[in-house]
1. Can you classify the range 101-235 as rounded, prolate or oblate using the Cα gyration tensor, where a ≥ b ≥ c are the square roots of its eigenvalues, rounded means a/c under 1.5, and otherwise it's prolate if a/b beats b/c and oblate if not?
2. In what order do Tyr231, Tyr278, Tyr283, Tyr31 fall by count of nearby beta-carbon atoms within 10 Å, going from fewest to most?
3. Once amide H atoms are placed 1.01 Å from N in the peptide plane, what residues at a sequence separation of 5 or more from Leu188, or on another chain, have their amide H within under 5 Å of its amide H?
4. Local charge sum around Leu202 (other residues, Cβ-Cβ under 11 Å, Lys/Arg +1, Asp/Glu -1)?
5. Taking K and R as +1 and D and E as -1, what net charge do the other residues with C-beta under 12 Å from the C-beta of Arg52 add up to?
6. Can you bin the range 172-297 into rounded, prolate or oblate? Criterion: square roots of the alpha carbon gyration tensor eigenvalues sorted a ≥ b ≥ c, rounded for a/c under 1.5, prolate for a/b above b/c, oblate for the rest.
7. Pull out the extension gain between Ser183 and Ile239, defined as 0.36 nm times the separation in residues minus the alpha carbon to alpha carbon distance; nm, one decimal.
8. Note down the net charge around Glu174, summing +1 for each Lys or Arg and -1 for each Asp or Glu among other residues with Cβ under 12 Å from its Cβ.
Amino acid sequence: MKRLSGDSGIKEAVARLRRGDIVALPTETVYGLAGDAANDDAVRAIFAAKGRPADHPLIVHVASAADIERWANPVPAAALKLAEAFWPGPLTVLLKRASHVSTVVTGGRDTIAIRSPAQSAFHRILTLLDTGLAAPSANPYKQLSPTTADQVIESMAGRIDAVFDGGPCEYGLESTIVDLTGSTPTILRAGPVTRAQLAAELDCDVALPAAHQVAVPGNVQAHYQPGKPLYRLSTARLIKAGIRAGFLIWSDDAAAAIASHGVDTAQVIRLPAEPVGYGRGLYSALHQLDHCQIDEIRVEQPPADDHWAAVNDRLRRAEG
Ligand code: TXA
Ligand code: MG
């Protein structure tokens with residue numbers, strides 16, 4: 001797989017995308033597998049490379065809020081308000097699809113998911129192309145999302161030809177998805193933009209259902225999974241004798257418990273005790289633990305409050 005970078009890499013990515021090829025690109029959330037959203041063949045190539053069922057819709061990435069009306073109709077005031085506040089950035093809005101938009105990218109639906117990514121290379125490429133880019137996370141279906149170009153190369157080798165290396169992703173967790181097609185804005189996937197931030201901006205209640213009926217593959221229980229079994233455990237139940245485990249912890253208590261049991265420190269990863277730093281490191285930590293000589297991954301359960309919603313959502317699905 002060719003690794004692109006710098007100005008020449010941006011040029012090459014644009015040329016490839018223009019002719020209908022797909023290219024893995026960095027975003028501020030995770031790496032995406034990008035193709036021209038207005039070109040059905042390019043969109044089909046994305047589904048094929050990922051091994052994703054054709055009825056699981058893709059997010060369309062746009063340069064700015066001015067592009068929403070090219071893809072959605074009607075454009076509710078709430079969408080413009082949220083775009084103004086959080087774009088470019090890690091927020092996806094779900095709207096009604098404009099009638100001319102192909103249902104290949106929407107997985108056959110009448111709705112369309114749209115976001116404007118902040119990552120500078122991706123943003124530059126969008127501006128040069130003057131189209132939308134469909135981009136799911138750049139991993140095979142159901143596996144862990146990549147947060148570095150190396151992880152893309154590892155999991156997508158042989159499936160795609162090029163990745164633009166923009167370094168590690170700023171957030172490391174997929175965008176928040178908010179459904180604006182109903183009477184109450186509803187979070188379909190928790191992410192870096194929190195429920196409290198959305199509610200403050202819209203000045204109304206925002207729902208964050210534990211489960212919902214809108215079929216989102218990220219909503220499939222077994223998703224975002226490492227190859228090894230993963231268990232979420234309270235700090236007190238973290239240590240278990242007689243097994244080869246890798247540990248993902250955040251608290252002093254867990255670190256002390258592990259130290260007193262003499263666990264091999266190469267298999268212990270400690271993430272920050274706050275949700276943004278923890279989220280940034282989560283997928284890389286899981287990738288790393290997946291490569292250790294261990295039988296299972298034991299994760300110290302993070303706090304339950306709303307600020308940790310995105311982290312807890314991904315850990316719940318990683319457990320399967
Ligand atoms: O941060 C992100 O959102 C990343 C980066 C690359 O932008 N993209 C991403 O895409 O996570 P993907 O395809 O892995 O997840 C997008 C989610 C899926 O669960 C998909 O089903 C949902 O968005 N989605 C897209 N269009 C939808 C629609 N019309 N109705 C319901 N869900 C939709
Ligand atoms: Mg994904």
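1. oblate
2. Tyr231, Tyr278, Tyr283, Tyr31
3. Excluding prolines and chain starts, which carry no amide H, the hits are Ile177, Val178, Asp179.
4. -1
5. Every neighbour counted, the sum reads +3.
6. Details: a/c = 2.85, a/b = 2.10, b/c = 1.36.
Since a/c reaches 1.5 and a/b is larger than b/c, the shape of the range 172-297 is classed as prolate.
7. That works out to 15.5 nm of additional length.
8. On the way: positive: Arg115, Arg189, Arg314, Arg317; negative: Glu28, Asp313.
After counting each charged neighbour, the total is +2.
Values quoted throughout were computed directly from the atomic coordinates according to the rules given, and no laboratory measurement underlies them. In this text the structure is predicted, and so the values were computed from the model without any measurement. FYI the Cβ positions are ideal-geometry reconstructions off the backbone, even for glycines, and counts take in every protein chain you see.
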